[in-house]
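**Student:** Mind having a look at this structure? Questions to follow.
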Amino acid sequence: MDGARVEPLTPVGPGTFFTVWSGQLVSVVGTTVTGFGLQIWVYTQTGSVTSFALVALAFGLPATLISPVAGALVDRWDRRLVMIGADTLAGVSTLAIAALFFTGNLQIWHIYLLVGFGSVGNAFQVPAWMASLPTLVPKRHLARANGMTQLIDGVALVLGPAIAGALLFTAGLGAILVLDAVTFVAAVVTLAVVRFPAVSAPAGAETGPSLLDRVRQGWRFIRGRSGLLWLLWIYAAVNFALAFSNVLILPMILSFSDERMAGAIFSAGGIGLLAGGLVMSAWGGPRRRIAAITWGIAVGGLCLALAGLRPNLLPVGIGVVLLLATVPLVNTASQVLWQVKVPLHLQGRVFALRRMLAQAASPVAILLAGPLSDRVFEPLLAEGGPLAGTVGSVIGTGPGRGIALLVILSGLLTALIGILGWLHPRVRNVESELPDTIPDEGSPGRPGSVPGPAAAPG
């Protein structure tokens, strides 16, 4: 089953990939603007890191829990239609928040509920989009195509915080929500005007008709390949460590600066992400993808630790920019590795399971981040606190420095996990031990190479 040949498909040409990519770019920018705006709005309304963190939890937890079912359905349904439905669901969620805001009825718990509702769409959209890439571009262009998907995040992070900050100061939260709804419409329109190649399983490959059977089949594929399974545990540990910083970076900056400068820092970080995405789009990344993944994680962790060293925008900005510059390298190498090692007809459920396992511990960190910072780390580094004369002499004391210590520890733990990943033999050798399931262009079962992005076998 895993090494089965697949039938050639009629190439769809580069237009399909670039059309969908442009729609996703607009949509993700809108989502980033809204996410940044909602988090700032909640934090300024409550002054609580815990309340702030619950917005991130509301977005991440439902998507993580529903991922296995979503992935199985992605493999059963038309992936283009899945993406249309997912963007529509997220758009409806945003419109509901906007309606409550404009009528003066918006409460914090409404945001948690509706953000969680929108995240269900994200649980379907991500595996559908990632599993579609090998059917839209040939194998030799997969790294560049994935690099371009990283560009989306870079552009969104450059523009999103800046737009959100400007709109919050000038027009308020309502304008942000309306903008997000419009971007979802743009994404749906671009998907409506294209068609994706169909993907069908080899004869006898499906073990049963039920969703549970399909989920189990994806799990058996991962479990039977120890290198991929260990790589997932590394992802889970890294995401656990980084989840603290994802929640705490913004409150840390706001402890010594304002919303506009926080937006500027995130936009600067987006430039790092954008630069990394541009490099990966043009280069495609190193041939040793595992080395890029593990050592990229280690370097990124050290950059994160730098961001917490002083209550000053310069080290924070440098650390955030360098951290995010490593993200496209790691994510592109990882995505291509999984795309070439997992059969096309299994990618939806395997990618969804990968997401669930990799992010399973992140909600725990998000839940812990607020109480740990508010009740433990902040008192430790308050003026005259237990660590004021030791750690405080290095990173400073006062509001926000306990949060900074937690960010530093998060970065150091991330770096350690990356190094340990490289030292694990099953992880280090996974590329050579597992065969590619997508044949090279021109090999049996694969159509001849087509200039530019084209359809891969289904």
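Since every read-out is calculated from the coordinates, none of them should be taken as a lab result. All values reported here derive from a predicted model rather than from experimental measurement. Here Cβ is always computed from backbone atoms with ideal geometry, including for glycine, and neighbour counts include all displayed protein chains.
**Student:** Run the quick spin-label model on ASP258 and VAL182: label points 7 Å from Cα toward the beta carbon, then report their separation in nm to one decimal.
**Tutor:** 2.6
**Student:** Sorted by packing (mean other beta-carbon atoms within 10 Å per residue), highest first, where do 351-363, 240-252 land?
**Tutor:** The packing order, highest mean first, is 240-252, 351-363.
**Student:** Using helices alone, what [θ] at 222 nm do you get for the chain, with -39,500 (n - 2.57) per DSSP H run of 4 or more residues, divided over all residues and rounded to the nearest 500?
**Tutor:** -25000 deg cm²/dmol
**Student:** For the pair LEU212 and ARG287, how long in nm is the line joining their label points, each one 7 Å along Cα→Cβ?
**Tutor:** Inter-label distance under the simple model: 4.7 nm.
**Student:** Ordered by packing density, taken as the mean number of other Cβ atoms within 10 Å over each peptide's residues, highest first, how do 323-331, 263-271, 420-428 rank?
**Tutor:** Numbers: 323-331: 24.7, 263-271: 21.9, 420-428: 16.3.
Packing proxy ranking, top to bottom: 323-331, 263-271, 420-428.
**Student:** Could you give the length gained on full extension between THR170 and ASP374, defined as 0.36 nm per residue of separation minus the Cα-Cα distance, in nm? Before the final figure, lay out each step's value.
**Tutor:** Numbers: separation 204, 0.36 × 204 = 73.44 nm, distance 3.10 nm.
Gain on stretching THR170 to ASP374: 70.3 nm.
**Student:** Any idea what the dipole of segment 333-386 comes to, in debye rounded to 20, about its Cα centre with Lys/Arg Cβ at +1 and Asp/Glu Cβ at -1? Working shown, then result.
**Tutor:** Values: 5 positive and 3 negative charges, 117 e Å.
Roughly 560 debye, rounded to the nearest 20.
**Student:** Which angle between 0 and 90 degrees, to the nearest 10, do you get for helix 313-341 versus the longest principal axis of the chain when only C-alpha atoms count?
**Tutor:** 20
**Student:** Hey, with R₀ at 45 Å, roughly what FRET efficiency would LEU423 and HIS110 work out to, going by the Cβ-Cβ distance, to 0.05? Before the final figure, lay out the partial values.
**Tutor:** Numbers: r = 47 Å, r/R0 = 1.04.
My answer for the efficiency is 0.45.
**Student:** What ratio of Cα Rg to 2.2 N^0.38 Å holds for the chain? Walk me through the numbers on the way to the answer.
**Tutor:** On the way: Rg = 21.8 Å, N = 458, 2.2 N^0.38 = 22.6 Å.
Normalised Cα radius of gyration, the chain: 0.97.
**Student:** Test of understanding: what is the full-extension gain from LEU81 to ALA198, defined as 0.36 nm times their sequence separation minus their Cα-Cα distance?
**Tutor:** Length difference between fully extended and current span is 40.9 nm.
**Student:** How large is the direction-averaged shadow of the alpha-carbon convex hull of segment 317-420, in nm²?
**Tutor:** On the way: hull surface 33.9 nm².
Mean shadow area of the hull around the Cα atoms is 8.5 nm².
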